[in-house]
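First the structure, in the form of structure tokens, and then the observations on it.
The values are calculated or read from the model by the stated rules, or taken from the named source; none is laboratory data. Quick caveat, the model's predicted, so the values are computed rather than measured. When we count neighbours, we look across all protein chains shown, and the Cβ atoms used for this are built from the backbone with ideal geometry, even at glycine.
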């Protein structure tokens, strides 16, 4: 029940923001902030529930209510360690996204925060939904407010970016809907019990070819969201045109729903089919790592550059998932968390620069370290995180993934490791173009304000803590090794 | 003295129809297009009448009558439109009128 | 004592945190106090630790577990520190020389705008370097390894406003990253084969798990070697080090001479069991070392920038260490690291003082006549150069280099060709050391000196000069005095050097080495002080100048990599800037737009078009009817 | 009778050709009247006197007069003729004409396919027509009545000059 409250708080907070914003925009901002903080507190409080489940293997909370019983749709939400981590990430980045839109959004404040909170609600719904219909429902809920965020508060090419984002994801979603329905009917015909329930459908027996096609339907949706390389084109446009909070949510959370979907649905539903497609997925993942890095190197638009680094980093996630290794799976979870933080931080940084310089073009920047020493320091921290420097969270993630993948696929793992060199190349180029050299910007730029300092400090501390004390995360998702029969040490 | 063959008349009707069609295609003036449409309608009427004559039935002529009525109604409305168009746009060029469609 | 181990890296880390977070609110004196003080306290703790260690029985190992880093399945790594004799030597050098260089920097960087940033980066470097050598598992070692890379990047590009500086920084980071990546692949392979990344376990298990010379162990050894090559600027990844001289002189002294660049030496000697199991990897190490020392030495002979001379000389001296390790003379390699750290740090610091005094003049041919003007610097620099040139018996460099030359022939992996290269390297070293002294300090004055360096800068020089002479006396060739304090300690950890049977007398080799280095000094004297006609003749000869330019550009490795790697990479990324796969999707969109245009062309509102369309349709249908 | 048919057919075709090629609307109208009259004669020769009479009265009489009135109201004179001349370039009419001829050729081929039947000459009297019209076709007649009425109303509505919105001070 507490899970539903979390979503309801977000939804009603969003409506409240919309209603109050016309009279009191400031109050709307505070409502939004407090709403997400309240959810964050609830999510933290959930740690207490763990104490009842010391073995970390089962579902902590499992709540089911009838919704549309005649077709087997129920309001079924459940929480395990993996979902809980993602919820924490969602609310953490949610707080930061509210904070970083504090000054950026000047028009239609109410509707902005409405979209932001509803999108967050959709995302948290995705992470806890245990009914495929509910899952699809939340999947769409997070998509549409995000579309509005881009199309109303975005940059110059926002319409193009928003439509591209919408069409790409919608194509994937519809295929997933088809796959869900196929699974529903196959299961219903076999057992006579028509249900959308996750646990009910979990042991549906499908023959090889059917399973393969249904799996591809799911995989396609998640691959577009992740994004896997040939389907990544929406991402640079959407990320670069979205407002800062939009980029933060997109990079930090929306991409993670793809990874979450693969781990939560594709692997357990289709154990054999997912093994048979694994080499291709690893290949695509490695391609993504290298290709995203190459593209990131050549970009001149700061947010676009960061967006392509996301493509590269998400390649690691794909490699990790499909190498069916326990270590790699822990690495994937780490990568999901740390990429959300580090790339989110880079986007926030890009947003701060844009606020000051009114450009995203790195060829027009340079030498900013002189006037913004603090932001420069933070930028070094997060570019280095992005380049996989040890002691920061991303290193643990990439190290685990590559190490886990190495046992089964040494060649691909080695090629993926070469991505580390490329990540150094693009990270350093970005640092150099923005912060080094003679200062070219003539307008006076201020270093970070207190509000920005809070955002950056929260992100920095969390990335360092994840790098030095990853063990709690690893323990929380230990049970993921049982999610697929082929996962080995 | 031989009698008239049905297809001879039909060919005449076809020729007239095609001429009307060609007229509708090549002229840009709305008045001429209307005239061409009249020619086509007339040709169709001719074909009906031939058919009626062929089977010694009155139906052909009845159809012709309907066509006639339809043509009269159509012409009255069309000409009213022509008047209005000329009044507003000072042209009867169909190509120019097309540009004004929005 | 063990429970205080963590203080050694933690103090510089605290210094870093304080300076980086609160640096802009602190006064310069306070910054200097924190920056230098933290390292000095670390050095003190290290000295106490070292004294304790010498008193304890042989084979003592200090360990301290800070916390469990991660544990998943078989894979576990802890943040735990481990000190044995080998680590201790490195820690001593790092903290002791580090402390001296920090003290020197207090004065050297006094007028810099980013005083706090400098000390913060230096402290972080010391911390990372200490973690590197104190790590008990390879993941923690890699953490330190990358950490020193980051600090090296930050400090090379310290004056980030000049393009050459940040380019050098980028180059250094990327090239060492290439080596690091090979190394981490080596880590994966080790884990796959042995299932552990704990260094003592690896050393024990590898002998049980692998046959000597098996392909896997060779591959592991070569991958680790690649990591070492990148960090230690050996062939073929040496090109970053000369450019790295763009950083401030204390940075060059600390990072690019004394400590970080020798991390490769540490890694290889730390993983010595793996290398010993793979003769091929040992040979490769030796050959790389020998070739590097020769090539870098040749380049050092013709450089005109004082710091670049020293940089090439550093590459060359690390080449000696690699050569020594490759032939199996582990303790000789570590001993050379030990002495080299003193005299090369000394040379860099003295060079920094000279450059500072001469208003940032780097070209040695615009210096000269400084012997009278700055006597302290002159004498200390001369001592350093003499040690570099291996002036017999009085300098530390002689004792270490003499060992290496002897083992290059006589040790288990030795070979006359390696010895010949090392010997010619010794000649070259002596030659360019002399050249440096003569051109910089003798002759006529070409640039008027500014303010002379203060006491804070000269005292570390004097201390280092003392160690550049006395540091060698703890290890004498056994046919002279038979003092082997150093190798006794090292051999607690590293294997004893095995000699070949039926060798000539060692004294012959020693005499040859002495003669060669003295001859090198004389040649330098003849060519550069007496201004012989040979020199003027060479200056006019086109061929000689071609060779000179070739060597000046570091055997044109930069141009080679530029053509082979950098340009193709830039080309690929440039042409693909707008993402070729995007064409697929814009293509789909374009097709739809075209179709839309096509259909809206027919739907153009022209009545005549519609009639024509109807006509065509009728024609089509009737034709069909006629044909079918 | 056939002779009458052939002669009037030729006249009808020629007159129609003249209609679609004239530049002046009035000329075209007059040729069209000729064409309609010729078709009326064809009807007569086919034994449809009622149709022939309607052709003359309504087509040639009423409808064409309507056209004539409009032409006169719009004052389409030399200006229009010149414009038409300008428009009627070969490149404009050759394509459609060829297509039209192709259609004609195909239609003729189709028409000639079945065995030709000679028609007996018999007059379908107006009486027969009327009986049938008000017998089985009564519904259609009523529908035509609706059509005519909507035509009248529509024409009256559309043809009405819309009043311009003038300010009351400017109204005379």
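Conditions tested, residue by residue: (1) surrounded by fewer than 24 Cβ atoms within 10 Å (Cβ to Cβ); (2) assigned to a helix (DSSP H, G or I); (3) more than 11 Å from chain A (Cβ to nearest Cβ).
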{"residue": "C:116", "(1), (2), (3)": "no, yes, no"}
{"residue": "C:119", "(1), (2), (3)": "no, yes, yes"}
{"residue": "C:124", "(1), (2), (3)": "yes, yes, no"}
{"residue": "C:129", "(1), (2), (3)": "no, yes, yes"}
{"residue": "C:133", "(1), (2), (3)": "no, yes, yes"}
{"residue": "C:139", "(1), (2), (3)": "no, yes, no"}
{"residue": "C:143", "(1), (2), (3)": "no, yes, no"}
{"residue": "C:147", "(1), (2), (3)": "yes, yes, no"}
{"residue": "C:152", "(1), (2), (3)": "no, yes, yes"}
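For every residue, the table says whether it meets (1) assigned to a helix (DSSP H, G or I); (2) more than 7 Å from every other protein chain (Cβ to nearest Cβ).
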{"residue": "C:581", "(1), (2)": "yes, no"}
{"residue": "C:592", "(1), (2)": "yes, yes"}
{"residue": "C:599", "(1), (2)": "yes, yes"}
{"residue": "C:605", "(1), (2)": "no, no"}
{"residue": "C:615", "(1), (2)": "yes, no"}
{"residue": "C:624", "(1), (2)": "yes, yes"}
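For residue D:68, the requirement of being assigned to a helix (DSSP H, G or I), over 23 Å from the mean Cα position of the chain (by Cα) and in contact (Cβ under 8 Å) with a residue 40 or more places away in the chain is not met. A residue that is more than 20 Å from residue D:30 (Cβ to Cβ) and facing chain B (nearest Cβ under 10 Å) cannot be found anywhere in the range D:62-70.
Residue-by-condition table, conditions (1) in contact with a strand residue (DSSP E or B) (Cβ under 7 Å, 6 or more places away or on another chain); (2) farther than 21 Å from residue C:123 by Cα:
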| site | (1), (2) |
| --- | --- |
| C:31 | no, no |
| C:34 | no, no |
| C:42 | no, no |
| C:49 | no, no |
| C:52 | no, yes |
| C:56 | no, yes |
| C:62 | yes, yes |
| C:67 | yes, yes |
| C:72 | no, yes |
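So that you can scan it fast, the table gives a plain yes or no per residue for (1) without any contact (Cβ under 8 Å) to a residue 40 or more places away in the chain; (2) within 34 Å of the chain's Cα centre (by Cα):
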| site | (1), (2) |
| --- | --- |
| C:524 | no, yes |
| C:533 | yes, no |
| C:541 | yes, no |
| C:564 | yes, yes |
| C:571 | yes, yes |
| C:589 | yes, no |
| C:605 | yes, no |
| C:611 | yes, no |
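The criterion of being at the interface with chain C (Cβ under 9 Å from one of its Cβ atoms), farther than 20 Å from residue A:440 by Cβ and at pLDDT 85 or above does not hold for residue A:373.
Among residues that are in a helix (DSSP H, G or I) and away from chain C (no Cβ under 14 Å), residue A:289 is not included.
In the range D:124-135, the qualifying residues are those that are in a loop (DSSP other than H, G, I, E, B) and at the interface with chain B (Cβ under 9 Å from one of its Cβ atoms), and the one that is nearest to residue C:623 (Cα to Cα) is D:124.
Does residue B:39 fit the bill of being crowded, with 24+ Cβ neighbours inside 10 Å, at pLDDT 90 or above and either facing chain D (nearest Cβ under 7 Å) or in a helix (DSSP H, G or I) (or both)? Judged against the criteria, residue B:39 is a match. Of the residues examined, residue C:226 is not one that is touching a residue at least 12 places away in the same chain (Cβ under 8 Å), within 24 Å of residue C:88 (Cβ to Cβ) and part of a helix (DSSP H, G or I).
Total residues in the range C:232-264 satisfying the condition of being within 18 Å of residue C:338 (Cβ to Cβ) and under 10 Å from the mean Cα position of the chain (by Cα): the figure is 11. Candidates B:34, B:92, B:46: the one that is under 25 Å from residue C:607 (Cα atoms), touching a residue at least 12 places away in the same chain (Cβ under 8 Å), within 9 Å of chain D (Cβ to nearest Cβ) and within 17 Å of the chain's Cα centre (by Cα) is B:34.
For the range C:468-568, the helices (runs of 4 or more DSSP H) that sit wholly inside it and include 3 or more residues that are under 19 Å from residue C:309 (Cα atoms) are C:506-524, C:542-552. Evaluation of residue D:22 against the conditions (1) facing chain B (nearest Cβ under 8 Å); (2) closer than 13 Å to residue B:29 by Cβ; (3) surrounded by 20 or more Cβ atoms within 10 Å (Cβ to Cβ) shows that the sole unmet condition is (1). Inside the range A:296-330, residues that are more than 23 Å from residue C:76 (Cα to Cα), touching a residue at least 40 places away in the same chain (Cβ under 8 Å) and in a helix (DSSP H, G or I) make up a count of 17. Yes or no: residue B:97 in a helix (DSSP H, G or I), in contact (Cβ under 8 Å) with a residue 24 or more places away in the chain and more than 9 Å from chain D (Cβ to nearest Cβ)? It is true that residue B:97 is in a helix (DSSP H, G or I), in contact (Cβ under 8 Å) with a residue 24 or more places away in the chain and more than 9 Å from chain D (Cβ to nearest Cβ).
From the list C:295, C:301, C:260, the one residue that fits, being within 21 Å of residue C:547 (Cα to Cα) and modelled with pLDDT under 90, is C:301.
Would you pick out the residues in the range A:174-206 that are surrounded by fewer than 17 Cβ atoms within 10 Å (Cβ to Cβ) and in a loop (DSSP other than H, G, I, E, B)? Passing the criteria: A:192, A:193, A:194, A:202, A:203, A:205.
Just one of the numbered conditions (1) more than 8 Å from every other protein chain (Cβ to nearest Cβ); (2) over 15 Å from the mean Cα position of the chain (by Cα); (3) at pLDDT 90 or above is not true of residue C:168: (2). Inspection of the range A:410-419 finds a residue satisfying the criterion of being more than 11 Å from chain C (Cβ to nearest Cβ), within 26 Å of the chain's Cα centre (by Cα) and either modelled with pLDDT of 90 or more or not in a helix (DSSP H, G or I) (or both).
In the set (1) facing chain B (nearest Cβ under 7 Å); (2) over 20 Å from residue B:48 (Cα atoms), residue D:144 fails one condition alone, (2). Of the helices (runs of 4 or more DSSP H) entirely within the range A:207-251, those holding at least 3 residues that are under 18 Å from residue A:266 (Cβ atoms) and modelled with pLDDT under 90 occupy A:208-225. Is it the case that the range C:90-104 has a residue that's more than 20 Å from residue C:252 (Cβ to Cβ), more than 13 Å from chain A (Cβ to nearest Cβ), touching a helix residue (DSSP H, G or I) at 6+ places or on another chain (Cβ under 7 Å) and buried (at least 24 other Cβ atoms within 10 Å of the Cβ)? Yes. It is to be established whether one or more residues within the range D:2-15 are more than 7 Å from every other protein chain (Cβ to nearest Cβ), under 22 Å from residue D:118 (Cα atoms) and modelled with pLDDT under 90. There is at least one residue in the range D:2-15 that is more than 7 Å from every other protein chain (Cβ to nearest Cβ), under 22 Å from residue D:118 (Cα atoms) and modelled with pLDDT under 90. Taking the listed residues A:393, A:408, A:366, the one that is touching a residue at least 40 places away in the same chain (Cβ under 8 Å) and surrounded by 24 or more Cβ atoms within 10 Å (Cβ to Cβ) is A:393, with no other qualifying. Scanning the range C:383-415 for residues that are more than 27 Å from residue C:498 (Cβ to Cβ) and crowded, with 19+ Cβ neighbours inside 10 Å yields C:383, C:384, C:385, C:386, C:387, C:388, C:389, C:391, C:395.
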